[in-house]
Amino acid sequence: MRRPTLGFIFGIGVGACALIAPSCGGSLIRDPGPDAAIPDTSSDLGTGDVVVADLPDVQDVVTGEIAQTGQIVDYSSLKGLVGITVSSGTTQTTTTDTSGDYTLTVAQNQPFTMTSGGSGNYATLDEQEWILGGSANRGPTKLITNSTFNLLKSLLVPAPDSTLALLFVVVQKTGACASTTGAKLSAPGLTTDGGVGPKLEYFSGGFPSSIATSVTEGQTPSAILWDLPVGIFSQIIVTPPSGCTLKGFPITDPAVPNLTYTGNVKLEGSQTTWSSMRVFLQ
């Protein structure tokens, strides 16, 4: 039976110490901590550079409550989903209306993980951690049904351990980077022989490929990692292609100026939950 295209999975817009690129623009990005407002300090990274974000002191941080708006949609129909729970953690939670729209109250300049789904027939999505410096509209977030999620996992060999985590990674080009093709990803402990440890496959033709050896431009997501330890993760290893360098975290979303990615992502067991993460080339 023909396997369905899985490039639909991501909408717009995924721990705790480093983004490392060992060759061609390496960087070590440290966790800013929960009390820091993070500016976009990303710049061209030279080979082997170690970059630590220049963060303000706690007393300089402006705090308060602001609103994040957006829409939760079904991946295939793009129709808004009613009654989906959207949260920023354990304290702030809202539910989508009849159009799939939501308004989520969050703390300004404080990092949080947006979680959606987990209600009705949809798998839970843990988004990449970010900070809002002001109210923002993130646009649509696409959710996949539990049946599609289970189908996706069935394509992976060896089968994912449901007590460990599954992470989609999108490699996104910006600035002078002409193409993401040829970028390579890894993670600490990655295994290529099916043994104990994290596994990785790149997407090709819309689904995970056991023979693809690097990122292909236009594939979204770019790659999938599974059997990652649960917890907070930031140690994605990125080797950019020729002509591109890695853009180090923190990173301001090109489409949402008030939104800054910290580089962290929450990972949970993959029984009913998946996580997403973007990395940026320039």
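Yes or no, residue by residue, for (1) outside any strand (DSSP E or B); (2) under 11 Å from the mean Cα position of the chain (by Cα); (3) crowded, with 24+ Cβ neighbours inside 10 Å:
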| site | (1), (2), (3) |
| --- | --- |
| 241 | yes, no, no |
| 249 | yes, no, yes |
| 252 | no, no, no |
| 258 | no, no, no |
| 261 | no, yes, yes |
| 265 | no, yes, yes |
| 269 | yes, no, no |
| 276 | no, yes, no |
| 279 | no, yes, yes |
Pick from segment 134-172 the residues that are within 18 Å of the chain's Cα centre (by Cα) and assigned to a loop (DSSP other than H, G, I, E, B): which of them is nearest to residue 230 (Cα to Cα)?
-> 164
Determine which single condition residue 117 fails, assuming it passes every other condition in (1) exposed (fewer than 15 other Cβ atoms within 10 Å of the Cβ); (2) at pLDDT below 95.
-> (1)
Taking only segment 222-231 into account, find how many residues are more than 12 Å from the chain's Cα centre (by Cα) and assigned to a strand (DSSP E or B).
-> 4
Failed criterion for residue 131 (all others in (1) more than 16 Å from the chain's Cα centre (by Cα); (2) crowded, with 16+ Cβ neighbours inside 10 Å; (3) over 20 Å from residue 219 (Cβ atoms) hold) = (1)
The condition from (1) out of contact with any Leu (no Cβ under 9 Å at 6 or more places or on another chain); (2) modelled with pLDDT of 95 or more that residue 240 misses is numbered (1)
When residues of segment 173-208 are limited to those that are within 20 Å of the chain's Cα centre (by Cα) and polar (S, T, N, Q), the one nearest to residue 251 (Cα to Cα) = 174
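The values are calculated or read from the model by the stated rules, or taken from the named source; none is laboratory data. Bear in mind that the values here come from a model prediction, so they are computed numbers and not experimental data. As a convention, Cβ positions derive from the backbone with ideal geometry for all residues, glycine included, and neighbour counts pool all protein chains shown.
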